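Scroll down for the structure; my scribbles are underneath it.
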Amino acid sequence: MKFKQLFAVLLVAPTFAFAAAPAGTMYKDPHCGCCGEHAKYLRDAGFQIKEQTSDNMSAIKQKYGTDAAPSCHTIVIGGYAVEGHVPAAAITKLLKDKPNAKGIAVPGMPANSPGMGDYKLGTIAVVLIGKDGSVKPYGNF
């Protein structure tokens with residue numbers, strides 16, 4: 001009898017793990033290739049990322065408040081905006097800590113950021129975008 005219960009739990013466990021993965025939407029320019037690489041990196045890190053193209057990324061950045069620290073794509077996840085090639089660890093920290101902010105960003109397109117090239121832990125400076133649009137350091141990831 002215990003074997004059947006254990007078997008039932010093992011069948012359901014992967015469903016719970018999948019449902020718990022953070023899900024977000026990546027808004028990206030239809031002509032950008034690196035955005036898809038960043039989405040793949042995040043999926044490999046356990047995120048569920050849906051990609052949506054937009055011909056007006058400026059409007060997306062204004063809508064979600066990331067125009068203070070712009071990059072090539074914007075992800076909306078857990079009520080926050082994530083701008084650019086942000087490492088998975090920074091997004092996880094954001095979703096865990098839940099700061100009173102619009103989101104986080106890696107301004108520009110650093111060559112060593114996830115999805116852009118040879119990413120090395122601790123080398124990417126991430127900034128926090130405050131509710132008032134201010135930008136301050138969030139950490140190196």
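The values are calculated or read from the model by the stated rules, or taken from the named source; none is laboratory data. Everything numeric here is computed off the predicted structure, so don't read it as measured data. Here the Cβ positions follow ideal geometry from the backbone for every residue, glycine too, while neighbour counts run over all protein chains shown.
For first residues located in region 45-60 and on the phi < 0 side of the Ramachandran plot, partners that are assigned to a strand (DSSP E or B) and of a type in the set (A, V, I, L, M) and lie 6+ apart or on another chain with Cβ distances below 6 Å form the pairs Q48/A23; I49/M26; E51/M26.
L95 satisfies every condition listed in (1) surrounded by 19 or more Cβ atoms within 10 Å (Cβ to Cβ); (2) modelled with pLDDT of 95 or more; (3) under 19 Å from N140 (Cβ atoms) except (1). Of all the criteria given as (1) buried (at least 17 other Cβ atoms within 10 Å of the Cβ); (2) assigned to a strand (DSSP E or B); (3) touching a Ser or Thr at 6+ places or on another chain (Cβ under 9 Å), the one not satisfied by H38 is (2). Checking each residue in region 114-141 for being within 12 Å of A88 (Cα to Cα), touching a Gly at 6+ places or on another chain (Cβ under 9 Å) and touching a residue at least 60 places away in the same chain (Cβ under 8 Å) picks out only G115. Count of region 92-136 residues, restricted to those that are touching a strand residue (DSSP E or B) at 6+ places or on another chain (Cβ under 6 Å) and either closer than 22 Å to Q48 by Cβ or not in a loop (DSSP other than H, G, I, E, B) (or both), is 15. Of all residues in region 97-129, count the ones that are out of contact with any helix residue (DSSP H, G or I) (no Cβ under 9 Å at 6 or more places or on another chain) and of a type in the set (K, R). Result for region 97-129: 2. Among all residues of region 89-100, there is none that is within 13 Å of T25 (Cβ to Cβ) and of a type in the set (A, V, I, L, M, F, W, C). Summed over region 56-90, residues that are assigned to a loop (DSSP other than H, G, I, E, B) and either at pLDDT below 95 or closer than 15 Å to L128 by Cβ (or both) total 13. Looking only at region 50-87, residues that are crowded, with 20+ Cβ neighbours inside 10 Å, under 21 Å from N112 (Cβ atoms) and out of contact with any Ser or Thr (no Cβ under 6 Å at 6 or more places or on another chain) come to 7 in all.
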